[in-house]
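Everything below concerns the one structure shown next.
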Amino acid sequence: DSACIDAGDNTAVPPDSADLDGDGDTTEPTPIDLAGNPRFVDQPEVPDTGNGTAPIVDMGAYEANYIEVPMKFTPKALNLHSKGKWVKAHFVLPEGFLPEDVDANTPAKIVQLGIESAYVNVFIDDGLVEIEAAFSRSDFCGAGIDYGPADVVVIGKLISGQDFYGTDTIRIISGNLKYLATLASHWLDTGCGHPKWCAGLDLNQDSIINFIDFAMFDSCCIEVLEE
């Protein structure tokens, strides 16, 4: 909650005179803070109020230290008329972390929606700590994100007080009448392609807006976009 986060001045960071990143350039900004943590770290739920191109440094000698980790949403597709209860975020922490390092009692949060998870599960798989955060499907689908592709950021907490976060790209369809009108206005548009698929209108991703997309739109709430 500090007002210093992402509020510093990128041009005020001293030069990397010791060449800490080993690239031979001692004139670029130093890449670490006073504690040895990365200096240029964006905190996704905090607006950038400082000076420079993102990521904006924090004010002061120390950078708030978030850990970015791989994350995937499931299910890959969610039908509005299905009986499914949860939308889940799955994280994998780097080597060296233990299950007890995760604060499973503090809900994870979807940054853009402000929705908190109902529960957080922690387990080991192939020697790495994996985390599963489950969100209410009804809360998620009713949160009012506009249709089309969107990056969704989910944040969780470690026992140390440090936070971890991950990002996945999804497509949400809401406001059926608005969506139907937009779909009709793009009837037989071609050339739709990855990653936007004509602003999310090409639901079956066959590069054309046609009857198949009209048939699909009414039953789809969320789809996780493949890279």
* Can you tell me the FRET efficiency between Glu68 and His186 if r is taken as the Cβ-Cβ distance and R0 is 30 Å, rounded to the nearest 0.05? => 0.30
* Whichever aspartates and glutamates have a C-alpha closer than 13 Å to that of Lys196, once near sequence neighbours (fewer than 8 apart) are set aside -> Asp151, Asp206, Glu223, Glu226, Glu227
* To do: Quick one: accessible surface of Val153, probe radius 1.4 Å, all protein chains present, in square angstrom to the nearest 10.
  => 20 Å²
* Asked: Residues with amide H under 5 Å of Glu68's amide H, sequence separation 5 or more or different chain, H placed in the peptide plane at 1.01 Å from N; which?
  -> Tyr165
* Structure fact -> Dipole check, region 1-140, charges on Cβ (K,R +1; D,E -1), about Cα centroid: among Val46, Val87, Ala64 the Cα furthest to the positive pole belongs to Val87
* Asked: How large, in percent, is the carbon and sulfur part of the accessible surface of region 1-144 at a probe radius of 1.4 Å?
  -> 53 percent
* Charge sum, other residues only, whose C-beta stays under 13 Å from Asp206's C-beta, Lys/Arg counted +1 and Asp/Glu -1 -> -3
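The values are calculated or read from the model by the stated rules, or taken from the named source; none is laboratory data. Remember, it's a predicted structure, so these values are computed and weren't measured experimentally. Note that we place each Cβ from the backbone using ideal geometry, even for glycine, and neighbour counts take in every protein chain shown. Only protein heavy atoms, including side chains, enter the accessible area calculation; ligands, DNA and RNA are left aside. Shrake-Rupley method; radii C 1.70, N 1.55, O 1.52, S 1.80 Å.
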